[in-house]
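Notes to accompany the following structure.
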Amino acid sequence: MLLPSSSTPDAARLVLARALRGFADGFVSVYLAAYLQLLGFSALQIGAIVTAMLIGSAVLTLAVGLVGHRLSARRVLFGATAIMAATGIGFAFLGDFWALFVVGFIGTLNPSAGDVSVFLPTEQSIMVNEVSPKDRTALFARYNLGGALLGAVGALLSGLPERSAHRFGWNLLDAYRAGFVLYTITALVILLLYRGVRHGKASAAVVNAPLKRSRGIVLRLSALFSLDSFGGGFAIDSLLVLWLFLRFGLSVQTVGVVFFGTRTLSALSQLASPRLAARFGLIETMVFTHIPANVFLILAAFMPSAPLAITFLLLRMMFSSMDIPARQSYVMAVVPPEERAAAASMTNVPRSLTSAISPLLAGSLLQVSTFGWPLVIGGVLKISYDLLLLVQFRRVRPNE
């Protein structure tokens, strides 16, 4: 995957680290619901664990955002990687609900296709200084592309534990646990990548500072992103998997193939984001690619068969991630360089917090009905976000 010519070696290392995290998350998140069901947990308990994961990520990201100007980015990334390794060990060897609830809260396991962990804002704040302004959106597109493509590969391979258990007569629980051990091993590989990040000259010249000049616009953006994430929490991958299990009785292997397709489409679609942003603007790209995606999400809920529901989920993913590079680029562009680390954390924290509430609600809905109410509610909320973003920020342009 070629990066923009102005990218530094640090940018390449961070893109590769994001890709490896995407693979690890994609591999375990698809069978996470099946694993928890096998442990005897109900849909409500599964929703609670997913909620704990998202809230925990938000709390950690908020803490880093508040004190990040006192810490080096490398130190934050090293600490986050250590937590990632411990998360894999916890899910591999613990089986009690409350123990996994705590590990989910403290850890870095990502139950969705997007990255909601503390890694994200820290890496963004480094990368924006590791490329020229004209290539910024293109670099963010490659960054997200790497995570989404390897996440798709991870989703495709998520059926390996089940196939291996059937073929070799292994215990299925032990096969699933081996996947979480792989998650820990991936964390150690990422740690080696971070050891090579030295902060290029451009990064070293910027001293991080808390939000001051950009506080107003960051708070407004955070409020809107919160609405988007609250809606998105109703349809994160782990709960879509659970819905497909309950509604249509699909197997883990089948769902793994489905999510390989959705994540591949999501990844490749992001390559169009820089061109659309250059032609129409960052805000317009975010809004007018997001609305069709959410219409398809709503329609999927009403489909009477698995093939039709999957078709609309695939159509959704052709558009749903085009806004991500544009959004990340926009936030980094409208704040002063010294406040970018704080802005990245503060715009991601509300996203994690609000998206953490909805999985519990979605799990409750799926507990009483297999109809796709979570998809309908999530789609409506996300379309509302799109319209509000267009109205409030269409005329707020980056100072470049």
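Tell me, in nm to one decimal, what length is gained between Ala272 and Gln367 on full extension, where the rule is 0.36 nm per residue of separation less the Cα-Cα distance?
Numbers: separation 95, 0.36 × 95 = 34.20 nm, distance 3.85 nm.
This chain segment gains 30.3 nm when fully extended.
Fully extended, how many nm does the chain gain between Leu38 and Val189 (0.36 nm per residue separation, minus their Cα-Cα distance)? Mind showing how you got there, number by number?
Numbers: separation 151, 0.36 × 151 = 54.36 nm, distance 2.95 nm.
So the extension gain works out to 51.4 nm.
Where q = 0.32 Å⁻¹, what log10 of I(q)/I(0) comes from the Debye formula for the stretch 82-136, counting one point per Cα?
The calculated log intensity ratios at q = 0.32 Å⁻¹ are -1.20.
Within 10 Å of each residue's Cβ, count the other Cβ atoms and sort Ser369, Ser229 from fewest upward.
On the way: Ser369 12, Ser229 28.
The fewest-first ordering by Cβ neighbours comes to Ser369, Ser229.
Which whole number in µm²/s is D for the stretch 100-188 by Stokes-Einstein, with the Kirkwood Rh taken over Cα pairs at 25 °C and 0.890 mPa s?
Working: Rh = 15.6 Å.
Here the translational diffusion coefficient equals 157 µm²/s.
Counting just the Cα atoms, what span does the stretch 210-325 cover along each of its three principal axes? Round to the nearest Å and put the largest first.
Sorted largest first, the three principal extents are 52, 28, 23 Å.
Only one of the values (1) 57, 42, 35; (2) 61, 48, 36; (3) 77, 43, 39 was calculated from this structure for Cα extents along the principal axes in Å; name its label.
Given (1) 57, 42, 35; (2) 61, 48, 36; (3) 77, 43, 39, the calculated one carries the label (1).
Quick one: Debye curve from the alpha-carbon atoms of the stretch 251-382 only, equal weights, vacuum; give me log10 I(q)/I(0) at q = 0.17, 0.21, 0.22 Å⁻¹ to two decimals.
Debye curve over Cα of the stretch 251-382, log10 I(q)/I(0) at q = 0.17, 0.21, 0.22 Å⁻¹: -1.05, -1.32, -1.36.
Would you mind ranking His290, His166 by Cβ crowding within 10 Å, fewest neighbours first?
His166, His290
Hey, got the dipole for the stretch 9-393? About the Cα centre, +1 on K and R Cβ, -1 on D and E Cβ, debye to the nearest 20?
Working: 28 positive and 16 negative charges, 173 e Å.
Dipole about the Cα centre, nearest 20: 820 debye.
How far, in nm, would the chain grow between Lys134 and Leu390 when pulled straight, counting 0.36 nm per residue and subtracting the alpha carbon separation?
Working: separation 256, 0.36 × 256 = 92.16 nm, distance 2.31 nm.
Result for the pair: 89.9 nm of gain on full extension.
Put +1 on the Cβ of each Lys and Arg and -1 on the Cβ of each Asp and Glu in the chain; which of Ala63, Pro336, Thr87 then has its Cα farthest toward the positive end of the dipole?
Selected residue: Pro336.
Charges on Cβ only, +1 for Lys and Arg, -1 for Asp and Glu, centred on the Cα centroid of the chain; of Leu389, Phe312, Pro274, which one is farthest towards the dipole's positive end?
So the residue furthest toward the plus end is Pro274.
Take Arg74, Arg316 and order them by how many other Cβ atoms sit within 10 Å, fewest up front.
Details: Arg74 16, Arg316 25.
If I rank by nearby Cβ atoms, fewest first, I get Arg74, Arg316.
Of the residues Leu353, Leu172, Leu224, which exhibits the maximal mean-square fluctuation in a Gaussian network model of the chain defined by a 10 Å Cα contact cut-off?
Per the Cα network of the chain with a 10 Å cutoff, Leu172 tops the list.
Could you calculate the FRET efficiency of Thr311 with Lys212 from 1/(1 + (r/R0)^6), where r is the beta carbon distance between them and R0 is 51 Å, rounded to 0.05?
Efficiency for this residue pair is about 0.55.
Just so you know, all these numbers are worked out from the coordinates, no wet-lab data involved. Since the structure is predicted, the reported quantities are computational estimates derived from the model, not experimental observations. Every residue, glycine among them, receives a Cβ derived from its backbone with ideal geometry; neighbour counts consider all protein chains shown.
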